[in-house]
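First the structure, in the form of structure tokens, and then the observations on it.
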């Protein structure tokens, strides 16, 4: 088997944070890969929910969109979008919201709206979608994204969804009762918020990753937990399952269709 | 009461320049054939509402027919950005557009409020979110019983809602199956509704009693448009054309290439081409 790539490492480390009992609101992209890998390995009974209304879905390939038909075909039930956001998300039924981001700051605040000024943006990004309420209504938030100076910034250009604000008890002061970001898994490290300041600190480095690498790809001064561990490497089962999932997904999305039996 | 019409007639009779129009369908059942007819008829100055603008709004915006967009996620799902919309926002090409941006939760609940005949939607949302500062239609109210601060947004009440559905029966009732999104709310919130369908059947035999059916008296015009959701999909009929979504990213990246594509595939095309496009995407195709 070829060596594990940083992206694969990220997905596998993120998947491990999920358990069988979790009810997860799944963001598209890296979070979707991690959630489905968890389902295909150690958490077969995990409940995956996509914002299109599919509850308890188990797709064979990763969906390109949050509303691919297979999500509905394999779901326990499919509800309307207003019901999804009112009863299930706002109603407090979801334990984990799993998000990606274009920009993130040290307190887990996320920007997917604009780069630059809102009215005259340098780059207009897609916007928040479900994220503003996912960030405040799910029991807790996991985030997964690759590290880069563009993405890990001192100050985000727009508060698409609220993490820990300026830190400390900022969430509570806004009347938010959920935990917010509790985990950030990147291609280099695993981060968790400091219990007091709520600033993300590195709790484990992936094998072979140096502190210099973490700092070079992060726009703020990186802080470390008192004990920094080494992230356990992927098992063969995790890596094989992830690669098979990606291979099936690639075949399905490139337009390759099953050929008819002769 | 639902009138069976051809697509051109259904669009011409129900949508006028300057209207507020919602073309809905949450990834699934996006009314592409109807949007292309709207473009062919050059009905402009539209205020468009849609949770996830998708390719059809990229096309309407790129053709200069849109003055304002009310939305919550302007991406090409799973692919990236909407490049024609970006060009309009960042460079004013082919014309500037006004944006009113919300979250999904707000949009979904604003449609629901529209359908429910309420002036606004009230919900727990936008806490700490930057949109509050840039969208004056996001406000706050106190719960009269608990004092909790809640978000409020105006109800959505389109002049016209356009959706695509699997089938209608001969009476004009409309059946939607699979990911039903926000279509029922969007239709009931609107003054008029136009529906394109994959097929018209004699009756809805063996339908589950809780199926999502819009009775004929909630719909103004029904047009048969087989394949009309492509490259989106129609559950039970044909799959999503993911490759086309990936391809759109390249087409929309360049103004000239976009205009050439629109000329060939929309302006000089007929609704019937959608049927051919989905031929290879049907479940029984191989």
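The values are calculated or read from the model by the stated rules, or taken from the named source; none is laboratory data. Just so it is clear, the structure is predicted and the values come from calculations on it, not from any experiment. Neighbour counts are summed over all protein chains in view; Cβ atoms, including those assigned to glycine, are modelled from backbone coordinates with ideal geometry.
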* **Residue list for region B:53-86, filter: in a loop (DSSP other than H, G, I, E, B), within 12 Å of chain A (Cβ to nearest Cβ) and free of Cβ contacts under 8 Å to residues at least 40 places away in the same chain** => B:53, B:72, B:73, B:74
* Asked: Looking at region B:200-224, which of its residues are more than 20 Å from residue B:189 (Cα to Cα) and within 14 Å of chain A (Cβ to nearest Cβ)?
  -> B:208, B:210
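Taking the stated definitions as given, is residue A:225 surrounded by fewer than 19 Cβ atoms within 10 Å (Cβ to Cβ) and within 14 Å of chain B (Cβ to nearest Cβ)? Give the steps one after another, and end with the answer.
Working: surrounded by fewer than 19 Cβ atoms within 10 Å (Cβ to Cβ): yes; within 14 Å of chain B (Cβ to nearest Cβ): no.
So residue A:225 fails the test.
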* Taking the residues in region B:11-46 that are within 14 Å of chain A (Cβ to nearest Cβ) and outside any loop (DSSP other than H, G, I, E, B) as candidates, determine which candidate is nearest to residue B:184 (Cα to Cα). => B:22
* To do: Determine whether region B:252-265 contains at least one residue that is in contact (Cβ under 8 Å) with a residue 60 or more places away in the chain and within 20 Å of residue A:249 (Cα to Cα).
  => no
* If the Cβ limit is 7 Å and pairs must be 6+ apart or interchain, which residue in region A:241-262 that is more than 10 Å from chain B (Cβ to nearest Cβ) and more than 11 Å from residue A:64 (Cβ to Cβ) pairs with which residue that is exposed (fewer than 14 other Cβ atoms within 10 Å of the Cβ) and at pLDDT 70 or above? -> A:248/A:60
* Asked: Within region B:123-139, can you find the residues that are within 11 Å of chain A (Cβ to nearest Cβ) and on the phi < 0 side of the Ramachandran plot?
  -> B:123, B:124, B:125, B:127, B:129, B:130, B:131, B:132, B:133, B:134, B:135, B:138
* In region A:193-202, is there at least one residue being part of a loop (DSSP other than H, G, I, E, B), in contact with a helix residue (DSSP H, G or I) (Cβ under 9 Å, 6 or more places away or on another chain) and either within 14 Å of chain B (Cβ to nearest Cβ) or modelled with pLDDT under 95 (or both)? -> yes
* Asked: Does region A:105-118 contain at least one residue that is within 9 Å of chain B (Cβ to nearest Cβ), more than 25 Å from residue A:15 (Cβ to Cβ) and in a loop (DSSP other than H, G, I, E, B)?
  -> yes
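Can you find, within region B:87-115, the residue that is surrounded by the fewest Cβ atoms within 10 Å (Cβ to Cβ) among those that are assigned to a loop (DSSP other than H, G, I, E, B) and in contact (Cβ under 8 Å) with a residue 24 or more places away in the chain? I'd like the intermediate steps shown before the answer.
So the first thing to find is which residues in region B:87-115 are assigned to a loop (DSSP other than H, G, I, E, B), and the list is B:92-97, B:102-103.
Retained after the next criterion (residues that are in contact (Cβ under 8 Å) with a residue 24 or more places away in the chain): B:93-95, B:97, B:102-103.
Numbers: B:93: 15, B:94: 17, B:95: 13, B:97: 17, B:102: 28, B:103: 31.
Of everything passing the filter in region B:87-115, B:95 is surrounded by the fewest Cβ atoms within 10 Å (Cβ to Cβ).
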* Structure fact -> Those residues of region A:44-67 which are touching a helix residue (DSSP H, G or I) at 6+ places or on another chain (Cβ under 8 Å) and away from chain B (no Cβ under 14 Å) amount to A:46, A:48, A:58
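Given the structure, is residue A:183 without any contact (Cβ under 8 Å) to a residue 40 or more places away in the chain and more than 16 Å from residue A:218 (Cβ to Cβ)?
Numbers: without any contact (Cβ under 8 Å) to a residue 40 or more places away in the chain: no; more than 16 Å from residue A:218 (Cβ to Cβ): yes.
Judged against the criteria, residue A:183 is not a match.
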* Condition met for residue B:5 (touching a residue at least 60 places away in the same chain (Cβ under 8 Å) and surrounded by fewer than 23 Cβ atoms within 10 Å (Cβ to Cβ)) -> yes
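Just give me the residues in region B:136-145 being closer than 30 Å to residue A:118 by Cα, assigned to a loop (DSSP other than H, G, I, E, B) and without any contact (Cβ under 8 Å) to a residue 12 or more places away in the chain, in sequence order.
B:136, the sole residue that qualifies.
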* Exactly one condition in (1) surrounded by 20 or more Cβ atoms within 10 Å (Cβ to Cβ); (2) under 13 Å from residue A:183 (Cβ atoms) is not met by residue A:19; state its number. => (1)
* Residues of region B:177-230 classified as surrounded by 22 or more Cβ atoms within 10 Å (Cβ to Cβ) and either at pLDDT below 95 or farther than 16 Å from residue B:162 by Cα (or both), total -> 2
* Out of the residues in region A:123-173 that are part of a strand (DSSP E or B) and either out of contact with any strand residue (DSSP E or B) (no Cβ under 7 Å at 6 or more places or on another chain) or within 10 Å of chain B (Cβ to nearest Cβ) (or both), state the one that is modelled with the highest pLDDT. => A:161
* Hey, among A:116, A:127, A:108, which residue is surrounded by fewer than 17 Cβ atoms within 10 Å (Cβ to Cβ) and on the phi > 0 side of the Ramachandran plot? -> A:116
* Hey, among the residues in region B:146-173 that are over 18 Å from residue A:86 (Cβ atoms) and assigned to a loop (DSSP other than H, G, I, E, B), which one's farthest from the other protein chains (Cβ to nearest Cβ)? -> B:170
* Asked: Out of all the residues in region A:81-104, which are more than 27 Å from residue A:198 (Cα to Cα) and within 10 Å of another protein chain (Cβ to nearest Cβ)?
  -> A:81, A:82, A:83, A:84, A:85, A:86
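On the given criteria, is residue A:77 in contact with a strand residue (DSSP E or B) (Cβ under 9 Å, 6 or more places away or on another chain), free of Cβ contacts under 8 Å to residues at least 60 places away in the same chain, surrounded by fewer than 19 Cβ atoms within 10 Å (Cβ to Cβ) and within 12 Å of chain B (Cβ to nearest Cβ)?
yes
Scanning for something assigned to a helix (DSSP H, G or I) and surrounded by fewer than 18 Cβ atoms within 10 Å (Cβ to Cβ), does region B:232-243 turn up at least one residue?
If we filter region B:232-243 for residues that are assigned to a helix (DSSP H, G or I), which is where we start, we get B:242-243.
From what's left, surrounded by fewer than 18 Cβ atoms within 10 Å (Cβ to Cβ): B:243.
The answer is yes; a qualifying residue exists.
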* **Conditions (1) assigned to a loop (DSSP other than H, G, I, E, B); (2) more than 19 Å from residue A:101 (Cα to Cα); (3) touching a helix residue (DSSP H, G or I) at 6+ places or on another chain (Cβ under 9 Å): number failed by residue A:21** => (3)
* Structure fact -> Of those in region A:85-104 that are at pLDDT 95 or above and in a loop (DSSP other than H, G, I, E, B), the residue farthest from the chain's Cα centre (by Cα) is A:91
